[in-house]
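To start, the structure under review is shown below, and the notes come after it.
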Amino acid sequence: MTPDHGQLIYEGKAKRIYRCDLPDRVFIEFKNDATAFNALKRAELAGKGRINCQISASLFEMLQSKGVLTHYVGVAAENWMVAQSVDVIPLEVVVRNIATGSLCKQTPINHGMEIFPPLLDFYYKDDSLGDPLLTKARLRLLDLIEESQLKEIEKQATLINDLLRVFFDSLDLILVDFKLEFGFNDQGKLLLADEISPDTCRIWDKTNNHPQDRILDKDRFRKDLGEVVESYEEILKRVQGVTSKPRNYK
Ligand code: TMP
Ligand code: ASP
């Protein structure tokens, strides 16, 4: 089912954003396209759009119930979300609880090392530059946001990590690391935006110690481990097991 959306505003690698009849709202279509390594690797994964939309919706609902301000409004169809229209800040805010991925490629830090307090890094969101890691000094030099807004983003990202970790832990899932994006709505309010899904998080199965079998996120695609959609579906099943009555589409 496709909602009665307006004009296409923006197409990213995993989502399309469309106008809505309300000026402060948008429709977000979650695509089945999977990309990795700055889109050098591509595939079409049937079902991914639906699963990521539903997982994101459930996680946004959980975070909103704990007082986190997000762009999420509701779900319009299986892979369509309604959200507040936001000006997204071109920053990828990455929080890491366990060392893996680029952190272990770029430093001698051992894969699997627990990180406490969690590591919070900013990357500049620009595919043509390869989303470079920023120092705080470079972030300030870029002058994208005010100092107080930077502090607020750090505070929100830390809170979101605490809430997500506890939530995933209750589902026997380990939140290894994840990426957030923030934006401002038309009132100038800072909101969590984008998505929270196995495309943007690393999530391991707590009940499985096998270093590859326990991976339930996009690393299965990045590393050619197979069963990508099945693993995403497993996360959805656990997330919905605790959050959902069946959703009414608007
Ligand atoms: P990294 O270890 O490759 O830097 O990734 C850290 C986290 O950020 C991981 O959970 C995956 C997520 N991520 C994105 O959502 N988009 C991206 O483009 C990249 C590189 C990572
Ligand atoms: N999202 C990025 C890309 O497409 C990188 C990644 O998630 O690995 O290319």
Over the chain, what is the mean sequence separation of C-alpha contacts under 8 Å (at least six apart), divided by residue count, expressed as relative contact order in percent? 19 percent
Long-range amide H partners of T70, meaning residues 5 or more apart or on another chain whose placed amide H is closer than 5 Å, are L192
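Hey, what did the stretch 29-170 get for relative contact order, percent, Cα under 8 Å, at least 6 apart? Spell out each step's value before the answer.
Numbers: 156 pairs, mean separation 23.7, N = 142.
So the answer I get is 17 percent.
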Please report the projected area of the stretch 176-250's Cα convex hull averaged over all directions, in nm². 7.0 nm²
Among I89, P198, L22, the residue whose Cα sits farthest towards the positive end of the charge dipole of the chain (+1 at Cβ of Lys and Arg, -1 at Cβ of Asp and Glu, taken about the Cα centre) is P198
Per the chain, sqrt(5λ) over the Cα gyration tensor eigenvalues, sorted largest first, in Å, gives 25, 23, 18
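Treating the beta-carbon of each Lys and Arg as +1 and of each Asp and Glu as -1, no other charges, what is the dipole magnitude of the stretch 1-120 about its Cα centre, to the nearest 20 debye?
On the way: 13 positive and 12 negative charges, 80 e Å.
So the dipole magnitude of the stretch 1-120 works out to roughly 380 debye.
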Pairs of alpha-carbon atoms within less than 8 angstrom and 6+ residues apart define the contacts here; what relative contact order does the stretch 138-250 have, in percent? 16 percent
Extension reserve of the D162-K41 stretch, reckoned as 0.36 nm per residue once the Cα distance is removed: 40.4 nm
In whole Hz, with x marking every Gly and Pro, tabulate ³J(HN,Hα) for the stretch 16-33 from phi via Karplus 6.51 cos²θ - 1.76 cosθ + 1.60, θ = phi - 60°. 10, 10, 10, 5, 10, 6, 8, x, 9, 10, 9, 9, 10, 9, 8, 8, 7, 5
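Taking a ≥ b ≥ c as the square roots of the Cα gyration tensor eigenvalues, with a/c under 1.5 meaning rounded and otherwise prolate when a/b beats b/c, else oblate, which class fits the stretch 83-204? Spell out each step's value before the answer.
Numbers: a/c = 1.84, a/b = 1.28, b/c = 1.44.
Oblate, since a/c reaches 1.5 and b/c is not below a/b.
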Would you please name the GluC sites (Glu not before Pro) within the stretch 143-250 that are DSSP coil residues with at most 16 other C-beta atoms within 10 Å of their C-beta? E146, E227
Residue-by-residue Karplus 3J(HN,Hα) for the stretch 2-8, coefficients 6.51, -1.76, 1.60, Hz, glycine and proline x: 10, x, 7, 8, x, 5, 5
What aspartates and glutamates could a cross-link reach from K223, if we take a straight Cα to Cα line under 13 Å and drop same-chain neighbours fewer than 8 places away? D213
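Under a Cβ-only charge scheme (Lys and Arg +1, Asp and Glu -1), can you give me the dipole magnitude of the chain about the Cα centre, in debye to the nearest 20? Write out the running numbers ahead of the final one.
Numbers: 34 positive and 39 negative charges, 45 e Å.
Around 220 debye, computed over the chain.
What does the C-alpha gyration tensor say about the overall shape of the stretch 1-79? Classify as rounded when a/c is under 1.5, otherwise prolate if a/b is larger than b/c, or oblate.
Details: a/c = 1.80, a/b = 1.27, b/c = 1.42.
Here the stretch 1-79 falls in the oblate category.
Throughout, read-outs are computed from the coordinates displayed, never taken from laboratory work. Remember, predicted model here, so these are calculated numbers, not experimental data. Here the Cβ is made from the backbone with ideal geometry for all residues, glycine too, and neighbour counts use every protein chain on show.
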